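In what follows, a structure is listed as structure tokens, so that the remarks can point back to it.
The values are calculated or read from the model by the stated rules, or taken from the named source; none is laboratory data. In this text the structure is predicted, and so the values were computed from the model without any measurement. As a convention, Cβ positions derive from the backbone with ideal geometry for all residues, glycine included, and neighbour counts pool all protein chains shown. Calculation scope for accessible area: heavy atoms of the full protein, side chains included, ligands and nucleic acids excluded. Shrake-Rupley method; radii C 1.70, N 1.55, O 1.52, S 1.80 Å.
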Amino acid sequence: MADTHALAALVQALKGLPGVGIKSAQRMAFQLLQNDRATARHLAGALYNAVEKIRHCESCHTFTEAVLCDTCQDETRDRTQLCVIETPADQSAIERTGTYRGLYFVLMGKLSPLDGIGPHEIGLAKLKERVADGVLAEVILATNFTAEGEATAHVIAEMIRQQGLKVTRLARGVPAGSELEYVDLGTIAHALVDRR
């Protein structure tokens, strides 16, 4: 296969996406260049436009084109509740449920000392300022139930409790509609501990 520098660079760039290996990156590059150059140009333009225009909301740290995101600007949101999440994708998932009407703080990651991600990298100082606004009554920790997510939730909970606010954590347990014999043992154990 004849390889050009531009093609190799495109494959390397695509390979940098999560879940994309070398073969998938090559297939995407060949598809875009061989059969779908209009889509390739559109994709390049949309990516460039997003990189140039999208920034972090000054209040919650999610992605936005404005100083404040739509959620933070929405006067109908419950300003006494703050849900702390890892990523904008997590925020989107919670919003799709239609059950939460409070505000958010997006960490843009989780504590992971082995990867060099500490409190400064995920904006804990900014979160500490945010929870000291005098309006909040409850902070909901909605980090993932991974080792890093649990450690992040623990550190945040300790920080917030020092400010006298109510701290809650997302419930975890057996998914609705599942059968116990097919649920992993860790999930069953957590469901028993967190039973209500």
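Among residues belonging to region 162-196 that are of a type in the set (V, I, T) and at pLDDT below 85, point out the one that is nearest to A132 (Cα to Cα).
Taking the candidates together, the pick is V193.
Let me spell it out: the conditions are (1) outside any strand (DSSP E or B); (2) closer than 23 Å to I160 by Cβ; (3) of a type in the set (S, T, Y), and Y48 meets all of them except one. Which number is the exception?
The number of the failed condition is (2).
Quick one: which residue in A157, A142, A151 is small (G, A, S) and without any contact (Cβ under 8 Å) to a residue 40 or more places away in the chain? Please lay out each step first, then the result.
On the way: A142 fails: without any contact (Cβ under 8 Å) to a residue 40 or more places away in the chain; A151 fails: without any contact (Cβ under 8 Å) to a residue 40 or more places away in the chain.
Of the residues listed, the single one that is small (G, A, S) and without any contact (Cβ under 8 Å) to a residue 40 or more places away in the chain is A157.
Report, by residue number, each residue of region 102-141 that is over 17 Å from C72 (Cβ atoms), hydrophobic (A, V, I, L, M, F, W, C) and under 16 Å from the mean Cα position of the chain (by Cα).
Within region 102-141, L111, I117, I122, L124, L141 qualify.
Return the residues of region 97-145 that are among the β-branched types (V, I, T) and under 22 Å from K166 (Cα atoms); say none if nothing qualifies.
Matches in region 97-145: T99, V106, I122, V131, V135, V139, I140, T143.
Here's a check for you: in region 6-24, which residue that is open to solvent by 90 Å² or more (accessible area, probe 1.4 Å) and within 27 Å of the chain's Cα centre (by Cα) is farthest from Q34 (Cα to Cα)? Lay out the reasoning, then the answer.
Step one: filter region 6-24 for residues open to solvent by 90 Å² or more (accessible area, probe 1.4 Å), giving 12, 18, 23.
From what is left, the residues that are within 27 Å of the chain's Cα centre (by Cα) are 12, 18.
Details: Q12: 18, P18: 24 Å.
Filtering first and then ranking leaves P18.
I'm trying to understand the selection: among the residues of region 10-45, which are outside any loop (DSSP other than H, G, I, E, B) and closer than 25 Å to T64 by Cα?
If we filter region 10-45 for residues that are outside any loop (DSSP other than H, G, I, E, B), which is where we start, we get 10-15, 22-34, 37-45.
Of everything in region 10-45, those that are outside any loop (DSSP other than H, G, I, E, B) and closer than 25 Å to T64 by Cα turn out to be A13, L14, T39, A40, R41, H42, L43, A44, G45.
Residue-by-condition table, conditions (1) touching a Leu at 6+ places or on another chain (Cβ under 7 Å); (2) among the small types (G, A, S); (3) touching a residue at least 60 places away in the same chain (Cβ under 8 Å):
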{"residue": "R41", "(1), (2), (3)": "no, no, no"}
{"residue": "E52", "(1), (2), (3)": "no, no, no"}
{"residue": "A66", "(1), (2), (3)": "no, yes, no"}
{"residue": "T71", "(1), (2), (3)": "yes, no, no"}
{"residue": "P88", "(1), (2), (3)": "no, no, no"}
{"residue": "Q91", "(1), (2), (3)": "no, no, no"}
{"residue": "T99", "(1), (2), (3)": "no, no, no"}
{"residue": "K110", "(1), (2), (3)": "no, no, no"}
{"residue": "I117", "(1), (2), (3)": "yes, no, no"}
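Is region 43-62 home to any residue that is in contact with a His (Cβ under 9 Å, 6 or more places away or on another chain) and surrounded by 11 or more Cβ atoms within 10 Å (Cβ to Cβ)?
Filtering region 43-62 for residues in contact with a His (Cβ under 9 Å, 6 or more places away or on another chain) gives 62.
Filter once more, so that each one left must be surrounded by 11 or more Cβ atoms within 10 Å (Cβ to Cβ): 62.
Yes, the conditions are met somewhere in region 43-62.
Would you confirm whether any residue within region 73-84 is in a loop (DSSP other than H, G, I, E, B), among the β-branched types (V, I, T) and modelled with pLDDT of 95 or more? Give the steps one after another, and end with the answer.
Taking region 73-84 as the starting set, the residues that turn out to be in a loop (DSSP other than H, G, I, E, B) are 74-77.
Filter once more, so that each one left must be among the β-branched types (V, I, T): 76.
Narrowing the set further to residues that are modelled with pLDDT of 95 or more leaves 76.
So far as region 73-84 goes, yes, one or more of its residues are in a loop (DSSP other than H, G, I, E, B), among the β-branched types (V, I, T) and modelled with pLDDT of 95 or more.
Counting residues that are open to solvent by 30 Å² or more (accessible area, probe 1.4 Å) and of a type in the set (A, V, I, L, M, F, W, C), which helices (runs of 4 or more DSSP H) fully inside region 110-196 reach at least 3?
Counting at least 3 such residues, we get 147-161, 185-193.
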